[in-house]
Amino acid sequence: MMKLNILNLLKLIFLLLFFNNVSLAHNHFPITTDSSLMIKRGELVYNQNCVSCHMIDLSGAKNWKDLDDDGHRKAPPLNGTGHTWHHDDKTLHAIIKYGLAKLVKNYEGKMMGFGDKLSDKDIDSVLAYIKSYWPLDLYEFQINMSK
């Protein structure tokens, strides 16, 4: 009898853990910095995909408000000194996933989407990592906007 109860309890725990990670509606906003594991994962994904334009310290390209040699906008800082925190999570997620080319009419920049390369979880982790650089007031403002 005791073995049966333990087995049933283990099954219940497994199901709860499984369904906790599976959502019928992919509602993952707001993205917080509560999980150090998510931030660490985001750092890895960022370093593999974003660092070449947005720099290792998330400072963006030098003179980021200017145009590059090709006439395109340079990569902005993501560390809270640029405009990233002005956007809600849904918008930031879409920019990374689809790129600005699919979101802004006549866009001629270099921010193409990573949806074919990164999962939603990867993108959310990158956003958590980025947000971990922001001052608390900007972070809280952006979190409230994303609810």
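Taking (1) part of a loop (DSSP other than H, G, I, E, B); (2) over 12 Å from the mean Cα position of the chain (by Cα); (3) not polar (S, T, N, Q) in turn, A101 satisfies each apart from (1). For beta carbons closer than 8 Å, sequence separation of 6+ or different chains, a first residue in segment 29-41 that is of a type in the set (A, V, I, L, M, F, W, C) and a second that is outside any helix (DSSP H, G or I), the qualifying pairs are F29/D88; F29/K147; I39/T33; I39/S132. In segment 116-139, the residues that are closer than 17 Å to L58 by Cβ form no Cβ pair under 8 Å with any partner that is acidic (D, E) and not in a helix (DSSP H, G or I), whether six or more places apart or across chains. Taken across segment 32-39, residues that are closer than 24 Å to K90 by Cα, among the acidic types (D, E), assigned to a helix (DSSP H, G or I) and at pLDDT 95 or above do not occur at all. When K90, K105 are checked against the criterion of being basic (K, R), surrounded by fewer than 18 Cβ atoms within 10 Å (Cβ to Cβ) and more than 26 Å from K147 (Cβ to Cβ), K105 stands alone in meeting it. Would you check if there is a residue in segment 54-65 being more than 21 Å from P135 (Cβ to Cβ), free of Cβ contacts under 8 Å to residues at least 60 places away in the same chain and β-branched (V, I, T)? Within segment 54-65, not a single residue is more than 21 Å from P135 (Cβ to Cβ), free of Cβ contacts under 8 Å to residues at least 60 places away in the same chain and β-branched (V, I, T). Considering only residues that are in contact with a helix residue (DSSP H, G or I) (Cβ under 6 Å, 6 or more places away or on another chain) and of a type outside the set (A, V, I, L, M, F, W, C), which ones fall in segment 28-75? The answer is H28, P30, T33, R41, G42, E43, Y46, G60.
The lone criterion from (1) of a type in the set (G, A, S); (2) surrounded by fewer than 18 Cβ atoms within 10 Å (Cβ to Cβ); (3) at pLDDT below 95 left unmet by G99 is number (2). From the list N20, N63, N47, the lone residue that is polar (S, T, N, Q), at pLDDT 95 or above and not in a loop (DSSP other than H, G, I, E, B) is N47.
The values are calculated or read from the model by the stated rules, or taken from the named source; none is laboratory data. What you see is a predicted model; the values in this text were computed from it and never measured. Neighbour counts are summed over all protein chains in view; Cβ atoms, including those assigned to glycine, are modelled from backbone coordinates with ideal geometry.
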